[in-house]
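Written below as structure tokens is the structure these notes are about.
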Amino acid sequence: MIITSFVFFLLVFVVIGAASTVKSCGTNDDYLIAGRSVSPWLVGISAMATNNSGYMFIGAIGYTYASGLESLWVMFAWMAGDFLASCFIHKRMRRISQERKSLSFGALVATWDGGNFKRVRTLGGVVTVLFLGAYAAAQFTAGSKALYAVFGWDYSVGAIIGSLMVLIYCCSGGIRASIWTDAAQTVVMFLAMTMMLIVGVREVGGFEMFIARLGDVSPTYLNLFPASLGNSSLAIALFVVGYVAGGFGVIAQPHVMIRFMALNDAAHMRKARIYYYSSYFAFCVVTFLVALSARLIFPDTSVFDSELALPMMTIRLVPEVLVGLVLAGVFAACMSTADSQILGCSAALTEDILKQTSNSVWRARLATGAVTGIALAISLLGLESVFALVLYAWSVLAAAFAPLIIVYSLCRKLRESEALLIMGSSILITLVWRALGWGSIVYEAGPAIAFGVLAYFLLFKPVCRSRPAA
């Protein structure tokens, strides 16, 4: 029964994605950016589903299960930074992408100011393929962990199933297929997570008992900040600012921003943002509460991988047919992100690295197949946890693109050599910061973005151009 319901939902997603071919124009523009014709509600819902991936179902739940209230900052400070960035960048980005006819994120950054920084575009493409591809691999890993917990299948099985699903509907309809399936996947994600919150709270004796028992988990479980920060106000402030900066870095995530670039009209951005943030906030709240209930139901943290908390909770508390629903919800979350990341990598490979000049969609489809294979290979290696791999990839992408986008949004000009220096040094800071283990104090995206922006104003001769209409 579990397999039947699970397979049913997966087939629904594949059919919806494949059905998007009825709207396909058979061009690169349509395959990579849906002809910039997507309605605001679809943009908002799709961006939410893409942003809240297997990272939320597997990684974030595992982190909250293990760490407690301090995980609030990863979710809600992150969201605050995301919202702050959207207030002055999203609409301008949508307008500029249409003016420059950008089909990839690297192309957008390289041509934002009206020029054509070829080396910036190539570097942006390489960074996107490497780290967005690793990010996609984390989604396959998240789906694999869910199948392992429920069926005991080897991790490779879930990764292969996920990659085949993504390959089928992405090659069929491109970004439009990804967006259409995101809408269906959002429904399943909310149903699955809300159901688990209800059964989880009921299992621990109701909401009042749920609140009362949290204080008994451990002396530090209800601490808002990691114990390693001590009572230092500066350390706490830097910790929070680091995660706000991480959320601000959403402007540098190709798989999310390509949704806003596909919006049918820049004037509709406010509507798209309403759909995006309202669904984003609701999903974060429910996810956080589910993770806390899982810790009460499974108090012994040494028994299993904390990232398996949700699947284990599902097996214990719900009927088999509904286990299939939750499992489909986890897979939906994973695939809604993996498909858009793979398409973002395909655009980077064809438009930024290979710089194809034809409008044939077949090269983009071949690139999709190649990138899917690379992401699957990374997933099968099983190098890092979902949570760690996502944060790592996110921080590098934020370091590479966010400083340039911020400088451009402040209506400043950059030379190509300056842009390359900012990109390279910001990425280096991220890698070194993480290697030194300082990410537990301040998330590495914050220092990298701050350095990149400050470097422009302190090291170069800032040039201000006339401010365009927003």
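Listing for the model above:
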| quantity | calculated |
| --- | --- |
| Per-peptide average of other Cβ atoms within 10 Å, ordering 134-142, 65-73, 216-224, 42-50 highest first | 134-142, 42-50, 65-73, 216-224 |
| Rounded to whole Å, sorted largest first: equivalent-ellipsoid semi-axes of the chain, Cα gyration tensor | 34, 27, 19 |
| Extension gain from Asp305 to Glu416, taking 0.36 nm per residue of separation minus the Cα-Cα distance | 35.4 nm |
| Relative contact order (percent, whole number), the chain, Cα cutoff 8 Å, 6+ residue spacing | 34 percent |
| FRET efficiency estimate (nearest 0.05) - Cβ-Cβ, Ala370 to Ala235, R0 51 angstrom | 0.70 |
| Backbone HN-Hα couplings from phi across the range 128-145 [Karplus 6.51/-1.76/1.60, Hz, Gly and Pro as x] | 4, 4, 5, 8, 6, x, 5, 4, 4, 4, 5, 5, 4, 5, 4, x, 4, 5 |
| Full-stretch length increase - Val285, Arg316 - with 0.36 nm per residue and alpha-carbon distance subtracted | 8.9 nm |
| Residues Ile3 and Leu84, FRET efficiency given R0 of 35 Å [Cβ-Cβ distance, rounded to 0.05] | 0.20 |
| Residues listed by number, the range 287-304, amide nitrogen under 11 Å from Ser218 label point at 7 Å toward C-beta | 300-302 |
| Cα-based reach from Lys118 at 21 Å (exclusive), listing lysines while leaving out same-chain residues under 8 positions away | Lys101, Lys355, Lys413 |
| Using distinct alpha-carbon pairs, which all enter the 1/r mean, Kirkwood radius of the range 186-253 in Å | 15.4 Å |
| Loop-located trypsin sites (Lys or Arg not before Pro) in the range 75-166, at most 14 other Cβ atoms within 10 Å (DSSP) | Lys101 |
| Extension reserve of the Ser278-Met209 stretch, reckoned as 0.36 nm per residue once the Cα distance is removed | 22.0 nm |
| Pairwise Cα inverse-distance average, inverted: Kirkwood Rh of the range 1-90 (Å) | 16.5 Å |
| Thr21 versus Asn116: modelled label distance in nm, points set 7 Å from Cα along the beta carbon direction | 3.4 nm |
| Cβ-defined net charge surrounding Val38, 9 Å radius [Lys, Arg +1; Asp, Glu -1] | +3 |
| The range 385-462 versus the range 209-276: alpha-carbon centroid distance in Å | 18 Å |
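Values in this text are rule-based calculations from the coordinates and carry no lab data. Quick caveat: nothing in here was measured; it's all calculated off a predicted structure. Cβ: placed from backbone, ideal geometry, glycine included. Neighbour counts: every protein chain shown.
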